[in-house]
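The values are calculated or read from the model by the stated rules, or taken from the named source; none is laboratory data. As the structure is a computational prediction, the values presented were derived from the model and not from experiment. Note that we place each Cβ from the backbone using ideal geometry, even for glycine, and neighbour counts take in every protein chain shown. We work out accessible area using only protein heavy atoms, side chains counted, and drop any ligands, DNA or RNA first. Shrake-Rupley method; radii C 1.70, N 1.55, O 1.52, S 1.80 Å.
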Amino acid sequence: MALFQKIKQRIRDGALREFVQEVKWLWQYIRRYRAAVLIHILLGVLGILMSLASSVASKFLIDAVTGYHTGTIGGAAAAMVGMMLGNIAMRSISSRVGAVLNVRIQNEVQAEVYGRILSTDWESVEQFRSGDLLNRLNSDAGAVSGSVTGFIPSFVASLVQFVGAFGIMLYYDPTMAVIALLGVPVSVICSRVMVGRMRRYNQQMKAIHSDVISFQEDSFQNLTSIKSFGITAQFCRKMEQLQKQYKDAYLDYNLFSVYTSAFMSVVSMAVSAGCFGWGVYRLWSGAISYGSLTMFLQLASTLAGAFSSLVGLVPNAISVSTSARRIMSVVQLPEEAAAEDDGIRLERDVTVCLSNVCFSYQSGERVLQDIDLTAAPGELVAISGPSGSGKTTILRLLLGLVSPQNGTAEVIGGSGRHYTASAATRAAFAYVPQGNSIFTGTIADNLRLTKPEATDGELEDALKIACAYQFVKELPGGLQYRVGGRGKGLSEGQAQRIAVARAILRRAPVLLLDEATSALDEQTEEQMLCNLMQSGVVRTCIVVTHRPGTRKFCTSSYAVCDGQLRRMTPGGA
């Protein structure tokens, strides 16, 4: 009764519903590759049947050799060897089919997850750490693809092996078959105990593993700061702490597995001893032949192995279930809402406008309160304010990465048409974010991200506008100079100018610079902003800055403080 109540409570808590959702999600990949999966399963089943047939052939061979039954020794030996070779061939082909299928499904799952991460609503995906996303994209995607190519075929093959071995034993000696099944109830009870704890262990280890990856990624990205502050030992200790957490969880899981495995092995050994004892007794009493005894011992071992495989699939199923749930939590995130058309692409003169905007992040903290901002063609607008005041949030609103709870964020075309800021209206913007946004590759590769078909001449023109042409020309290889991730090989100021040049190549009417000139001297910054507005490429420019002197170059200036946006006179305090 207690067990029934526990199961009933788990169903009420949604465990059954979650399991059904996970199975449905996995089924889409099985259905998509059902022909290949079916071939993989059939090959495995054929191999198992040949293995069972070789056990029966061994009985007739031994009986023929000992004279218990008359028969052709050569025929029995040939049948036995043929079945064994056939089993090897089926397993080899099945392994190859499984490998091809596994890599195809893994690539598809990874592509789906990667694409969803990029197309998901910005604020929703920001709740995940990058290390956790990488873990889901690689480790969990591999587990899911492995379930289709490994778990399901293994389950079917082990089931066929179990049923086949039991059927043969039942045909030749029902008592032996019953003895061989004595361990099943014990195994079922153990499996019920294992499931809940294994799921908890899997979730715990995957969470810790994500923490480790995130920490490592942060460490490598901030290696210069770690070295300069002399805190290498501190980070090493933190790494050791995370490793210890993972080690403790893993060893707890391993200890539980060792106890369970040892108990199951004792049960299996007892069953095998019972089968052996019964077989010896039957041989001593003359009821069976040496060949039959050999076959029974082989089948008893096969039966025990098949059942152990079925029980052993439980941890695998739990791991797959956990991975499927983790991936589902990403692919089911809401996608960005885009406008119904992309008419904004046809607009050249663009005005951006925030009217009575109030905005709070999902955490609930109010960031902006009733702000108004307008930037028209020909204007260079500065937004200043202390860190964390909401300057970058304003740019996110303009880009349609987030939406206001009250008020409107709009892009107004020269035709007079109003577009609500969204993923579609980003065609009107070029954006240079805070920090280093340079990717691994050549400078030309980085520049062509926004315009793949750009000629070298166009790249050079963009570099000249961004005050970057001179230093790029002096680098080894010039445009073909290769930089590492996050601009390794360039100074901060050089990386910022490359990023601005890349934005210029987009040829969007509105340019957003988020602290994109912070590493430049005032003279270079002034020259760059002057070039931008005189280039004819950029019609409107909004600059987020901490530097008071930047405001004197601008046609209008705003300051953010306590969630309010206050218009200032150019160059004013």
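What residue, of Ser58, Ser94, Ser54, is assigned to a helix (DSSP H, G or I), of a type outside the set (Lys, Arg), in contact (Cβ under 8 Å) with a residue 60 or more places away in the chain and open to solvent by less than 80 Å² (accessible area, probe 1.4 Å)?
Ser58
Would you say Thr450 is over 18 Å from Lys488 (Cβ atoms) and touching a residue at least 24 places away in the same chain (Cβ under 8 Å)? Give the derivation first.
Values: over 18 Å from Lys488 (Cβ atoms): yes; touching a residue at least 24 places away in the same chain (Cβ under 8 Å): yes.
Yes: the conditions hold for Thr450.
Scan Phe220, Phe256 and give me the residue that is assigned to a helix (DSSP H, G or I), at negative phi and open to solvent by 80 Å² or more (accessible area, probe 1.4 Å).
Values: Phe256 fails: open to solvent by 80 Å² or more (accessible area, probe 1.4 Å).
Testing whether each residue is assigned to a helix (DSSP H, G or I), at negative phi and open to solvent by 80 Å² or more (accessible area, probe 1.4 Å) leaves just Phe220.
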Q | Subset tally (residues that are basic (Lys, Arg) and under 16 Å from Ser535 (Cβ atoms)) for the range 439-467 | A | 2
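Within the range 62-72, is there a residue that is among the polar types (S, T, N, Q) and at pLDDT 80 or above?
Pass one, the range 62-72, residues among the polar types (S, T, N, Q): 66, 70, 72.
Now drop any that are not at pLDDT 80 or above, which leaves none.
No; the residues of the range 62-72 include none that is among the polar types (S, T, N, Q) and at pLDDT 80 or above.
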Q: Working only within the range 291-312, note down all residues that are open to solvent by 40 Å² or more (accessible area, probe 1.4 Å) and under 16 Å from Gly274 (Cα atoms).
A: Thr294, Leu297, Gln298, Ser301
Q) Would you pick out the residues in the range 527-570 that are open to solvent by 50 Å² or more (accessible area, probe 1.4 Å), assigned to a loop (DSSP other than H, G, I, E, B) and under 26 Å from Tyr361 (Cβ atoms)? A) His546, Asp562
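Inspect the range 66-75 for any residue being in a helix (DSSP H, G or I), open to solvent by 30 Å² or more (accessible area, probe 1.4 Å) and either closer than 20 Å to Ala317 by Cα or touching a Lys or Arg at 6+ places or on another chain (Cβ under 9 Å) (or both) and give the result as yes or no. Write out each step before concluding.
So the first thing to find is which residues in the range 66-75 are in a helix (DSSP H, G or I), and the list is 66, 73-75.
Imposing the further condition that a residue be open to solvent by 30 Å² or more (accessible area, probe 1.4 Å) reduces the set to 66, 73-75.
Applying the additional criterion that residues be either closer than 20 Å to Ala317 by Cα or touching a Lys or Arg at 6+ places or on another chain (Cβ under 9 Å) (or both) yields none.
Checked the range 66-75: no residue is in a helix (DSSP H, G or I), open to solvent by 30 Å² or more (accessible area, probe 1.4 Å) and either closer than 20 Å to Ala317 by Cα or touching a Lys or Arg at 6+ places or on another chain (Cβ under 9 Å) (or both).
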(Q) List pairs: first residue in the range 494-514 and farther than 24 Å from Leu373 by Cα and of a type in the set (Lys, Arg), second residue part of a helix (DSSP H, G or I) and open to solvent by less than 10 Å² (accessible area, probe 1.4 Å) anywhere in the structure, Cβ distance under 7 angstrom, at least six positions apart or on different chains. (A) Arg502/Asn446; Arg502/Leu447
Q.
All but one of (1) at pLDDT 75 or above; (2) surrounded by fewer than 18 Cβ atoms within 10 Å (Cβ to Cβ) hold for His209; state the number of the condition that does not hold.
A. (2)
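Test Ala300 against the criterion of being at pLDDT 80 or above and either of a type in the set (Gly, Ala, Ser) or touching a strand residue (DSSP E or B) at 6+ places or on another chain (Cβ under 9 Å) (or both), and give yes or no. Before the answer, list the steps.
On the way: at pLDDT 80 or above: no; either of a type in the set (Gly, Ala, Ser) or touching a strand residue (DSSP E or B) at 6+ places or on another chain (Cβ under 9 Å) (or both): yes.
Taking the combined requirement at face value, the residue does not satisfy it.
Would you check if there is a residue in the range 475-490 being surrounded by 20 or more Cβ atoms within 10 Å (Cβ to Cβ), among the small types (Gly, Ala, Ser) and closer than 17 Å to Ile438 by Cβ? Show your work before the answer.
Pass one, the range 475-490, residues surrounded by 20 or more Cβ atoms within 10 Å (Cβ to Cβ): 483, 487, 490.
Checking which are among the small types (Gly, Ala, Ser) leaves us with 487.
Among the residues that remain, those that are also closer than 17 Å to Ile438 by Cβ are: 487.
Yes, some residue in the range 475-490 is surrounded by 20 or more Cβ atoms within 10 Å (Cβ to Cβ), among the small types (Gly, Ala, Ser) and closer than 17 Å to Ile438 by Cβ.
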Q. Tell me, which strands (runs of 3 or more DSSP E) lie completely within the range 346-398 with 3 or more residues that are open to solvent by 20 Å² or more (accessible area, probe 1.4 Å)?
A. 350-360, 366-375
Q: With respect to Ile117, determine if the residue is among the β-branched types (Val, Ile, Thr), touching a residue at least 24 places away in the same chain (Cβ under 8 Å), part of a helix (DSSP H, G or I) and under 30 Å from Phe296 (Cβ atoms).
A: no
Q. Under 7 Å by Cβ, and 6 or more places apart or on different chains, what pairs join a residue from the range 331-354 that is within 25 Å of Val113 (Cα to Cα) with one that is at pLDDT 80 or above and of a type in the set (Phe, Trp, Tyr)?
A. Ala339/Tyr419
Q: Pull up the range 122-155, narrow it to residues that are among the aromatic types (Phe, Trp, Tyr) and assigned to a helix (DSSP H, G or I), then point me to the one that is most open to solvent (accessible area, probe 1.4 Å).
A: Phe155
Q) Which of the residues belonging to the range 510-519 are open to solvent by 10 Å² or more (accessible area, probe 1.4 Å) and either in contact with a strand residue (DSSP E or B) (Cβ under 7 Å, 6 or more places away or on another chain) or farther than 17 Å from Thr392 by Cα (or both)? A) Glu515, Ala519
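For (1) at pLDDT below 80; (2) more than 30 Å from Phe60 (Cα to Cα); (3) out of contact with any Ser or Thr (no Cβ under 6 Å at 6 or more places or on another chain), each residue gets a yes or a no:
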residue	(1), (2), (3)
Gly277	no, no, yes
Pro315	yes, yes, yes
Arg325	no, yes, yes
Val331	no, yes, yes
